[in-house]
Structure formats: structure tokens, C-alpha cells
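A.B. asks: First, the structure itself, so that you have it in front of you.
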């Protein structure tokens, strides 16, 4: 069993829809990261969470430490949101490597 | 602006050749990492380094080598011993405190 599980694996939406991507993990963590990877391959860090909720523009990330679960929401989705969204966790020590989920491929059509 | 520079963006290797992927950061981060990504799989750790002149194997280190002679640089060599090197390679760095910065990646293809 992977230490970081994401669902769904693939997601197709119409422009304007509300999107939710889920992440569950089985290890003790210090922080959870949501990352975005575009077709060119480069990765951008969207959020780093250790508790509660963060919002940036149309993106919202939440985490429930007790349930070991996080969600990434996209409100009013747009074709430019089409990308792979990756959940990753960092263990309870600074400077340690991340453990990655396999990613969710999102395709938003107009 | 600070960041991580990976080069080249695309790299082609003949069978039996060693190739070196460059990763440079000007963020003054102590830790640096190399990950490999294959289609349908999550990123997997190859090597990481938390200080200069020290590095540790990750989950899939066989067929790879690294060096950390300077804080800013963490090159990865894909040796001929790596039997399936075609993949996307990503470099990252982090400070002593939490937070990560990622490079733009190198796509390596064996021809």
C-alpha cells in the first residue's frame, strides 16, 4: 500500500465546475504539500499545510490531521487549470525528502 | 530571483553512455534532492544531500551517482549500469526549516 494515496486518478470537468481532489496518507507528517505539474514537467508548489485551511485565489486546501486526509478544491475551474496535481508529505524532520502520491490528472474543457 | 536551475531540459543518451544532469540553486538551501518520475507513478527519491560533502541513497539509487562539493550544486550522473534510464528527472531543495523549491526538470531519453 502506498503511503500517500490520491483520488481520483483522472478527472474531467467542464469550465466553471467545482473540483475536489483528495489525498490520504498513512505516515506521521510535519507538513503536507499540494503541487501542480504542467505538461512541460516543471512543478510548482501550491500549498504547504500543517493544519486547517489555506486559500489562494480560486484554490483552497484543507487538512485534517486526525483523519490523515487533505483535500484540494478548485472553484470556478478554467481550462488553464488543466494539469497534474500532486500531493506530497514531509516526515517529522526538517530537510527530509518528500513522499509523493501518484498525482491526479485534471482536464477542464470549455 | 532565487531558484533552482536544471539543465539540460531534454537529453538524449546512447546505450552504454554515462550522462550528467545539472542542478544549481541560489537559495542557500542546505538540502537537495533528486527524484525520478515515470508515467503513472509518483516521484521516487534517487539521492538526497543535507550538507556539503554528504549524501544518502534514496529508494532507487542503483545505477546513479551524485556529488555535493558545493552547497549550490548537486549533479546527478546516470551511469551505464542504470538499465532503464528513460524518465523525467526532477531536482528540489529545501532549507533547514520546511518548504521546498523544485526545478523545471530534465527529460532523459535513451536512443
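Nothing in this text is a laboratory measurement; each read-out follows from the coordinates by a stated rule. What you see is a predicted model, and the numbers here were worked out from it, not measured in a lab. Quick reminder, even Gly has a Cβ in these numbers, built from the backbone with ideal geometry, and neighbours come from all protein chains shown.
A.B. asks: What do the square roots of 5 times the Cα gyration tensor eigenvalues come to for the stretch B:52-111, in whole Å, largest first, as semi-axes of the equivalent ellipsoid? Don't skip to the end; give the middle numbers.
C.D. replies: Numbers: eigenvalues 100, 42, 21 Å².
Equivalent ellipsoid of the stretch B:52-111: 22, 15, 10 Å, largest first.
A.B. asks: Over all distinct alpha-carbon pairs, what is the Kirkwood Rh of chain A in angstrom? Could you put the intermediate results ahead of the total?
C.D. replies: On the way: mean 1/r = 0.0715 Å⁻¹.
It works out to 14.0 Å.
A.B. asks: A further question on this structure: Evaluate 2.2 N^0.38 Å with N set to the residue count of chain B, then give the Cα radius of gyration divided by it.
C.D. replies: On the way: Rg = 13.1 Å, N = 111, 2.2 N^0.38 = 13.2 Å.
Compactness ratio reported: 1.00.
A.B. asks: In whole Å, how far is the Cα centre of the stretch A:50-80 from that of the stretch B:53-111?
C.D. replies: 30
A.B. asks: I need to check one value: relative contact order of the stretch B:1-101, counting alpha carbon pairs closer than 8 Å and at least 6 residues apart, in percent. It would help to have the intermediate numbers written out before the result.
C.D. replies: Numbers: 218 pairs, mean separation 32.0, N = 101.
Contact order relative to length: 32 percent.
A.B. asks: Defining a contact as two alpha carbons under 8 Å apart and six or more residues distant in sequence, what relative contact order in percent does chain A show? Intermediate values should be presented prior to the final figure.
C.D. replies: Working: 274 pairs, mean separation 40.8, N = 110.
This gives 37 percent for chain A.
A.B. asks: Quick one: length gained pulling residue B:12 to residue B:38 fully straight, 0.36 nm per residue minus the C-alpha distance? Numbers along the way, then the final one.
C.D. replies: Values: separation 26, 0.36 × 26 = 9.36 nm, distance 1.63 nm.
Contour length minus Cα-Cα distance gives 7.7 nm.
A.B. asks: Another one. Ranking request for peptides B:50-57, B:36-43: highest mean number of other beta-carbon atoms within 10 Å first, then the rest in descending order.
C.D. replies: Values: B:50-57: 13.6, B:36-43: 16.8.
Ranked from most to least packed, the peptides come out as B:36-43, B:50-57.
A.B. asks: A further question on this structure: Viscosity 1.306 mPa s, temperature 10 °C: give me the Stokes-Einstein translational D for the protein assembly as shown in µm²/s, with Rh taken as the Kirkwood radius over C-alpha pairs. Mind dumping the intermediate values first?
C.D. replies: Details: Rh = 17.9 Å.
Translational diffusion coefficient: 89 µm²/s.
A.B. asks: Just to be sure I follow: if Rg is taken over the C-alpha atoms of the stretch A:67-110 and Rh is the Kirkwood radius over the same atoms, what is Rg/Rh? Provide the component values of the computation, followed by the final result.
C.D. replies: Details: Rg = 13.7 Å, Rh = 12.6 Å.
With Rh from the inverse mean 1/r over Cα pairs, Rg/Rh is 1.09.
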